[in-house]
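Accompanying notes for the structure given below.
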Amino acid sequence: MPEAIDAVLKNSAQRLAKEIDAELDRQVYQAPPSPSGYKRTGFLRASFVASTSAMPQLIRDNPGAEINADAVGPIVLVINGWDGGGTLYLGYTAKYGAYVHFGAGGAAPRPWVTLAAQRWPQIVREEAAKVKQRFGL
């Protein structure tokens, strides 16, 4: 049933995006302040985007001002428009995203993307079970 497959793909992708966002929030924004005194602006979180054409690039400088970090809403719109036949790319545009993820300058790594992505098989299984129940399969 094509509708069920589409629902599993889109629901799983939306859930993964939400889990990536939540993991970043947990590991970075809810963590104690950095000893360096770095001011958290929400820019990294707000730079989370989805694309159906290419992987987002780490190209944007942090403006240094507070940013509305509710990044998941626009991502859900891209996922809903995705036909499931092509690749869906989720990524960040903040230049320093890789430094935070992998650690740099003595800062501990905060691998939020890796931890959330490792849950992909579990997410798909759980979303498939929900879709099966909803579609009576």
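The values are calculated or read from the model by the stated rules, or taken from the named source; none is laboratory data. Predicted, not measured: the structure shown is a model, and the values here were computed from it. Here the Cβ is made from the backbone with ideal geometry for all residues, glycine too, and neighbour counts use every protein chain on show. In case anyone asks, the SASA skips ligands and DNA or RNA and just uses the protein heavy atoms, side chains included. Shrake-Rupley method; radii C 1.70, N 1.55, O 1.52, S 1.80 Å.
Modelled label-to-label distance, ASP83 and ALA104, 7 Å Cα→beta-carbon offset: nm?
Calculated label separation equals 3.8 nm.
Just to confirm the number: angle between the C-alpha axis of helix 72-81 and the first principal axis of the chain, 0 to 90 degrees, nearest 10?
Approximately 30 degrees, to the nearest ten.
Quick one: in region 1-97, what % of C-alpha pairs are over 23 Å apart? Show your work: numbers first, answer last.
Values: 1394 of 4656 pairs.
Within region 1-97, distances greater than 23 Å cover 30 percent of Cα pairs.
Using only helices, what value at 222 nm comes out for the chain when you add -39,500 (n - 2.57) per DSSP H run of length 4 or more and divide by the total residues, to the nearest 500 deg cm²/dmol? List each step's numbers first, then the result.
Working: 6 runs with 65 residues, N = 137.
Mean residue ellipticity, 222 nm, calculated: -14500 deg cm²/dmol.
Nearest 20 debye, what's the magnitude of the dipole of region 48-137 about its Cα centre given +1 on Lys and Arg Cβ and -1 on Asp and Glu Cβ?
300
Can you tell me the 0 to 90 degree angle between the C-alpha axis of helix 2-24 and the longest principal axis of the chain, rounded to 10?
It is inclined by approximately 20 degrees.
State the percentage of accessible surface on the chain attributable to carbon and sulfur atoms; use a 1.4 Å probe and exclude ligands, DNA and RNA. Display every interim value, and only then the final one.
Details: 4620 of 7940 Å².
That share works out to 58 percent.
How many nm separate the modelled label positions at ALA54 and GLU3, each set 7 Å beyond the Cα in the direction of the Cβ?
For ALA54 paired with GLU3, the spin-label model returns 3.7 nm.
Which lysines have a Cα less than 23 Å from the Cα of LYS10, not counting those fewer than 8 places away in the same chain?
List returned: LYS18, LYS130, LYS132.
Would you mind getting the accessible area per residue of region 26-119, heavy atoms of the protein chains only, 1.4 Å probe, in Å²? Walk me through the numbers on the way to the answer.
Values: 5470 Å² over 94 residues.
Using a 1.4 Å probe on heavy atoms only, each residue of region 26-119 averages 58 Å².
Residue separation times 0.36 nm, minus the C-alpha to C-alpha distance between LYS130 and LEU115: what's the value? Can you show the working numbers first?
Working: separation 15, 0.36 × 15 = 5.40 nm, distance 2.29 nm.
Full extension from LYS130 to LEU115 adds 3.1 nm.
Could you tell me how many degrees, from 0 to 90 and to the nearest 10, lie between the Cα long axis of helix 120-135 and the main elongation axis, the longest principal axis, of the Cα atoms of the chain?
40
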